[in-house]
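Here, each number is a calculation from the coordinates, and none is a lab measurement. Quick caveat, the model's predicted, so the values are computed rather than measured. So basically every Cβ, Gly included, is an ideal-geometry build from the backbone, and we count neighbours across all protein chains shown.
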Amino acid sequence: MKDGRLLGVLKRIIRTMWRFEYGLRRRARSLRGEARFALGGSCESCAKCCEEPSISVGRAFWHFPTPRRLFLFWQFAVNGFEYVRKEREGHVYVFRCTHFDPATRRCDSYETRPFMCEDYPRLLLEQPWPELFAECGYRAVDTKGDRLRDAIEGAALTDEKKRELRRRLHLYEEPKKLDRRR
């Protein structure tokens with residue numbers, strides 16, 4: 001279901017507004033020293049994030065019927081997200097994207113994709129403990145984990161155990177490859 005011209009323009013305007021707001025928020029968090037995770041790696045085009053887009057919502061959109069209906073309607077009418085299910089933990093709505101073709105693993109409206117799709121997985125870096133798909137080429141890297149990384153290196157563990165600990169604690173060895181955009 002490709003976006004029409006009018007919907008494409010609307011989505012570009014909304015995406016620009018979100019990009020500006022999130023840019024300001026990220027900058028403020030960075031200046032206050034709150035940005036704990038940076039984005040490492042790169043997109044491997046696995047499209048795992050496109051299979052079931054999920055959105056965590058606030059209490060109003062979770063508990064009250066009218067805001068919930070408006071939210072779900074907006075997601076379908078504007079973003080092309082069909083409601084699949086909700087997950088109580090985290091107040092998450094899970095969708096199926098009508099723009100995603102599972103056979104080709106491509107988006108038919110890539111140029112007008114929603115901001116959450118454009119900015120994935122950077123949005124997850126704001127969580128206390130970001131979890132990305134195992135297949136994803138990106139990874140969350142703890143920018144404040146130097147002492148923990150040093151402690152793991154000094155521990156009496158096998159190299160395999162040390163690698164696994166670093167991976168699970170987001171302590172990767174290639175900090176020079178971090179993507180620090182936005």
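Non-local lysine pairs in the stretch 5-177, meaning eight or more places apart or on different chains, with alpha-carbon distances under 24 Å, amount to 11.
Look at the alpha carbon pairs under 8 Å that are at least 6 residues apart: their mean separation over the length of the chain gives a relative contact order of 31 percent. Stretched out straight at 0.36 nm per residue, the stretch from F20 to T143 would grow longer than its current Cα-Cα span by 41.9 nm.
Extension gain for the segment K161 to Q127, taken as residue separation times 0.36 nm less the Cα-Cα distance, is 9.7 nm to one decimal. Working note: Karplus 6.51/-1.76/1.60 with θ = phi - 60° gives the stretch 137-144 the couplings x, 7, 8, 7, 10, 6, 6, 10 Hz, where Gly and Pro are set to x. Here the stretch 62-92 and the stretch 6-34 have alpha carbon centers that stand 21 Å from each other. The listed peptides 3-13, 114-124, 36-46, ordered by packing as a protection proxy, come out as 114-124, 36-46, 3-13 (highest mean of other Cβ atoms within 10 Å first).
Put simply, the amide H of F37, placed in the peptide plane, has neighbours under 5 Å in T143, leaving out anything fewer than 5 places away on its chain.
3J(HN,Hα) along the stretch 146-163: 4, 5, 5, 4, 5, 5, 5, 4, x, 6, 7, 10, 5, 4, 5, 5, 4, 4 Hz, from the Karplus curve 6.51 cos²θ - 1.76 cosθ + 1.60 with θ = phi - 60°, whole Hz, x for Gly and Pro. Under a model in which nothing but the beta-carbon of Lys, Arg (+1) and Asp, Glu (-1) is charged, the chain shows a dipole of about 660 debye around its Cα centre. Scaled against the 2.2 N^0.38 Å expected of a compact globular protein of N residues, the Cα radius of gyration of the chain reads 1.17. Computing FRET efficiency as 1/(1 + (r/R0)^6) for C46 and Y110, where r is the C-beta to C-beta distance and R0 is 22 Å, gives about 0.90.
So what are the ³J(HN,Hα) numbers for the stretch 60-75, from phi and the Karplus equation (6.51, -1.76, 1.60; θ = phi - 60°), rounded to whole Hz, Gly and Pro as x? My calculation for the stretch 60-75 gives 4, 6, 8, 8, 9, x, 5, x, 4, 4, 4, 4, 5, 4, 4, 4 Hz in order. Here is how the number arises for the chain: DSSP H runs of 4 or more residues each give -39500 (n - 2.57), the sum is divided by the residue count, and the result at 222 nm is -11000 deg cm²/dmol.
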